[in-house]
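Asker: Here it is: the structure, laid out below.
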């Protein structure tokens, strides 16, 4: 039986940038009706290949042939933050009546897409007010509204909850059944094994393996990605416990995602994991701790109340890894060295008198690049030119560089490959071993159970349960996350 004609064919794709070669002669074929996974380390060339496939970037060499429109769901959203959801979804293709935009028809189009694909959004919400997971839905719906014959999704599940991920893949399977070709770039290898028909691994800008998913394994994919075995996590060392951070009857935010009367402590030398489905008060908790959201109740670091302002909290030894690196943690137009210094540029050792100590600043950036394996041509390179995973390494490296007393890590391994995730997780354990109090918020239950000394479960803004490491019970934790007993 003859194979169906390809929906997308990339042949001999080479992409040179001034400081690096991102792709070195890549061949990739997508067939109609298949879900094809593309895996690789951060900086391997995956996103560059996706943008070339969608016509967003011109290849230096090679050819691209597609049977129809190619839609691209970007890893870093390309939404207009100040516009409403419906405006973003129909942007450039607005329905009109009598020469004017038909707002009612546009809103109904968004509602119809939401129902059809199981991705609920409010058509009238302003994008800049949305949690990152909801903004991801808008990005996906915008591309699905174009009904492409080829759909490329770059890390589409990095910020989605488990139920949303299953809904998304159900949608992708339905699209494939109707003949669409789907390319999913993902670091989550369970998704590859569970949903992809074929998998291709790219390393250093070259394809190193490709074939049916049924003929490979998680371990084989991981080894192909990193060129060997994934390094083990750092060992947990004994620490001297002592109170470091205390929250007493803290409430913050409003509505369904508010934090309600939370009380707990994080001792120095331990990692407390917050388990819960996204939207159960985690963002309000982290924003209140960071000093950017008003709250009722008491929070102390050591014996002292947390200073009222973010700058004072930084000076007191608090560091935060935010959930959205591009909105909340980086100035992407700035260089690596400028972003590493961000927030600490006015303090010793990066300041000498009234001036920034450029030598000390550069040395600090080089330490982060080396210790966190940031793949960058130079510390002067713009952060916007780096892969998402390497951007995340900068955010985590900056937070840990000053040896914080208290670290809030919100989705610290979001959008990084399996090797980089192991590296970042090891660095969190090392901070814990050195005496830091670490509050870990992650929607990956495996990560919570792997790293935490204690686990708190949050449901509807309240602490619904607490577990010591020796008594972790996945089933019980999962039941509490869902509102059970």
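Asker: Report P(r) for the range 359-485: all Cα-Cα distances, bin width 5 Å, range 0 to the bin holding the largest distance, values in whole percent.
Answerer: 2, 10, 19, 20, 17, 13, 9, 5, 4, 2, 0, 0
Asker: For a test of the definition: using alpha carbon positions, the gyration tensor, and the 1.5 limit on a/c, classify the range 198-328 as rounded, prolate or oblate.
Answerer: Note, shape of the range 198-328 comes out prolate.
Asker: Per the Cauchy relation, a quarter of the hull surface: what is the mean projected area of the convex hull of the alpha carbons in the range 1-121, in nm²?
Answerer: Approximately 11.3 nm², given one-decimal rounding.
Asker: Where in the range 164-179 does the amide nitrogen come within less than 13 Å of the point 7 Å from the Cα of residue 56, taken along Cα to Cβ?
Answerer: Hits in the range 164-179 for residue 56 at 13 Å: none.
Asker: Could you give the length gained by full extension between residue 128 and residue 101, i.e. 0.36 nm per residue of separation minus their alpha carbon distance, to one decimal place?
Answerer: Between residue 128 and residue 101, full extension yields an extra 7.5 nm.
Asker: Based on DSSP H runs of at least 4 residues, each adding -39500 (n - 2.57), what is the mean residue ellipticity at 222 nm of the chain after dividing by all its residues, to the nearest 500 deg cm²/dmol?
Answerer: Result for the chain: -9500 deg cm²/dmol, rounded to the nearest 500.
Asker: Using a/c under 1.5 as the rounded threshold, could you call the range 63-123 rounded, prolate or oblate? The axes a ≥ b ≥ c are square roots of the C-alpha gyration tensor eigenvalues, and prolate needs a/b larger than b/c, oblate otherwise.
Answerer: Prolate.
Asker: Then there is this: How many times 2.2 N^0.38 Å is the alpha carbon radius of gyration of the range 355-408?
Answerer: 1.15
Asker: Considering the convex hull of the alpha carbon atoms of the range 207-279, report its projected area averaged over all viewing directions, in nm², one decimal.
Answerer: Projected area, direction-averaged: 9.4 nm².
Asker: While we're here: So if we plug the beta-carbon distance of residue 473 and residue 294 into 1/(1 + (r/R0)^6) with R0 = 45 Å, what FRET efficiency do we get, rounded to 0.05?
Answerer: Working from the Cβ atoms, E equals 0.80.
Asker: Expressed as an acute angle from 0 to 90° and rounded to the nearest 10, what is the orientation of the C-alpha long axis of helix 358-371 relative to the principal long axis of the chain?
Answerer: For helix 358-371, the angle is close to 70 degrees.
Asker: Mind sorting 447, 370 by how few other Cβ atoms lie within 10 Å of their own Cβ, fewest first?
Answerer: Fewest to most other Cβ atoms nearby, the residues stand as 370, 447.
Asker: Now, a different point. With only alpha-carbon pairs counted, each pair once and no self-pairs, how large is the Kirkwood hydrodynamic radius of the chain in angstroms?
Answerer: So the Kirkwood estimate lands at 23.7 Å.
Asker: Next question. Tell me whether the range 243-292 comes out rounded, prolate or oblate; compute the Cα gyration tensor, take square roots of the eigenvalues as a ≥ b ≥ c, and use a/c under 1.5 as the rounded threshold.
Answerer: prolate
Asker: I'd like the orientation of helix 103-117 relative to the chain: the angle between its Cα long axis and the longest Cα principal axis, in ° from 0 to 90, rounded to 10.
Answerer: Here the helix axis deviates by roughly 90 degrees.
Asker: Could you state the angle between the C-alpha long axis of helix 132-144 and the longest principal axis of the C-alpha atoms of the chain, as a value from 0 to 90 degrees rounded to the nearest 10?
Answerer: For 132-144 against the chain, the angle is about 0 degrees.
Asker: Let me ask another. Just to compare against my own numbers: the Cα pair-distance distribution for the range 322-424, 10 Å bins, whole % per bin, please.
Answerer: 16, 51, 29, 4, 0
Asker: Where the Cα atoms of the range 263-385 are projected onto their three principal axes, how long is each span, largest first, in whole Å?
Answerer: Computed over the Cα atoms, the extents are 44, 36, 27 Å.
Asker: The range 8-226: D in µm²/s via Stokes-Einstein (Kirkwood Rh, Cα pairs, 4 °C, 1.567 mPa s)?
Answerer: Taking Rh from Cα pairs, D becomes 72 µm²/s.
Every number here is computed from the coordinates shown, using simple stated rules; none is lab data. Everything quoted here is computed from the prediction, not taken from an experiment. So basically every Cβ, Gly included, is an ideal-geometry build from the backbone, and we count neighbours across all protein chains shown.
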